[in-house]
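Have a look at the structure below before the remarks.
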Amino acid sequence: MAKNAPSFICQNCGATFGRWQGKCESCGEWNTIAEEGAAADRAIPGRSARKGRVFALEPLTGETHEAPRMPSGVPEFDRVTGGGFVRGSVLLMAGDPGIGKSTLLIQAAAALAKTGHRAIYISGEEAVAQVRLRAERLGLGTAPVELAAETSVEDIIATMREGKPPRLIVIDSIQTMWTDAVESAPGTVTQVRGSAQALIRFAKRSGAAVILVGHVTKDGQIAGPRVVEHMVDAVLSFEGDGAHQFRILRAVKNRFGPTDEIGVFEMTGAGLREVANPSELFLSERDLGSPGTVVFAGIEGTRPLLVEIQALVAPTSLGTPRRSVVGWDASRLSMVLAVLEAHCGVKLGGHDVYLNVAGGLRIQEPAADLAAAAALVSSLAGASLPPEAVYFGEVSLSGAVRPVAQSAARMKEAAKLGFTRAYAPEVRENGTDSALSITTIGNLTDLVADIAASGKRARGPVRLARQDG
Ligand code: TYD
Ligand code: MG
């Protein structure tokens, strides 16, 4: 490529191309490629190649020390990060616009500042007065957080070097920052990457914990935070949907801690409130005794979490029946449907299927297979499931239900919330003489038979398969 040839950069993943094209070959997104002036990564003119410096190599054994941590004062936040902010590290907080990232971070900064550490909040999106107004609304007006509305990375770093070294710097958001070091316009991938690089270098050198806020946008107009994901030490994703008050904080990447813990918050009129017992929250609007609803005893990280799964199976008027799933993996749903058809004689080809995880939660465990299958069969048969029971187990392609990890913890949580029965595969763990009575489900056919029998008892014969009609 000629030295000053324009380069075309995907605003979603950062891949570089020599010419414009509609689809990014690297990440598969459409209309995300934009021209960004001269190539950003080219050599700096006037600087000749430097002779390398010899450095010492170290053995693997030697002195180590734990990453120095500062608890944030928000326990749910600390649970996800693995114990608090790590000094000299950079954390990316990603999420949809309006989900509550700024609210959470001003709360965390205020909590840290109250313990005597210097915390700084730089907003590139809102004026100081707006941030102040929000803090007042959250009852944090007196917290000694230092504010500024700035977007120049060089100015920010110069300011941070003055006075007592800051312990926490929140940059809200990385997409509004710009650095003199690169030529592209603010908001482009090159600028986002350049600004992040400068801030990461500053964090390592100064020992401050830096949090970068990154908006996730579907359209390619603003550079997605994905380009900084591999540069930072941890990526937290803040999730939730507009219809619910619940917000889930999840670690996507964490160099200093676990990646499977979640933090649960509730958005209230006075900011984000921590939810200490999420199971109670996710079951609070439960539809007791209606067909198609089931309680799944899940695990998120080390924490058991009971959630309601709802299914609706209805005759279709379409040539290709609809399969719609919210909060669970669509391919797992297809698998469970196929196993029900192939091994249990449950015919779903003429039905639309909707599956929904209540409360806006997203389940990733295969242990939800059995609960999903129970909800589907229950809806199809019009037979409600026992309201005092929880379900868990992984379904294999043969229809066998496989044991899952941490059965004891799942049942303990269920017992705590007043459940008395578990439908589960054979429990192999020791010490599971829990308060729940267990109905062992070794195969999905057992489950179908059980639901059909209970439906028959309740309201006469139930037809699951269509072959007899
Ligand atoms: P915000 O933190 O600005 O979101 P983000 O920084 O991720 O874009 O939160 C915005 C939403 O949160 C807004 O729709 C209003 C709501 N909200 C509350 O419900 N209660 C509150 O106390 C605050 C501050 C915000
Ligand atoms: Mg914001």
Could you tell me which residue of segment 72-129 is surrounded by the fewest Cβ atoms within 10 Å (Cβ to Cβ), considering only residues that are away from ligand 1 (no atom under 16 Å from the Cβ) and in a strand (DSSP E or B)? Ile120
Against the conditions (1) modelled with pLDDT of 90 or more; (2) out of contact with any strand residue (DSSP E or B) (no Cβ under 6 Å at 6 or more places or on another chain); (3) among the acidic types (Asp, Glu), where does Asp352 fall short? Just the number, please. (2)
Out of Val346, Val353, Val336, sole residue that is part of a loop (DSSP other than H, G, I, E, B), in contact (Cβ under 8 Å) with a residue 40 or more places away in the chain and assigned by TED's automatic domain parsing to the domain that holds Val395: Val346
Out of Ala371, Ala422, Ala408, Ala383, which single residue is in a helix (DSSP H, G or I), of a type in the set (A, V, I, L, M), touching a residue at least 24 places away in the same chain (Cβ under 8 Å) and crowded, with 20+ Cβ neighbours inside 10 Å? Ala371
Count of residues meeting criterion [farther than 22 Å from Ile99 by Cβ, surrounded by fewer than 19 Cβ atoms within 10 Å (Cβ to Cβ) and not hydroxyl-bearing (Ser, Thr, Tyr)] in segment 203-219: 3
Reported set for segment 157-188 where residues are within 16 Å of ligand 2 (Cβ to nearest atom) and either surrounded by fewer than 20 Cβ atoms within 10 Å (Cβ to Cβ) or free of Cβ contacts under 8 Å to residues at least 12 places away in the same chain (or both) is Gly187
Is segment 312-332 home to any residue that is crowded, with 20+ Cβ neighbours inside 10 Å and either in a strand (DSSP E or B) or outside the structural domain of Ser407 (by TED's automatic domain parsing) (or both)? yes
Going by the structure shown, is Val294 over 17 Å from the mean Cα position of the chain (by Cα) and of a type in the set (A, V, I, L, M)? yes
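The values are calculated or read from the model by the stated rules, or taken from the named source; none is laboratory data. Not measured: the values here are computed from a predicted model. Please note: Cβ atoms are built from the backbone with ideal geometry, for glycine as well, and neighbour counts cover all protein chains shown.
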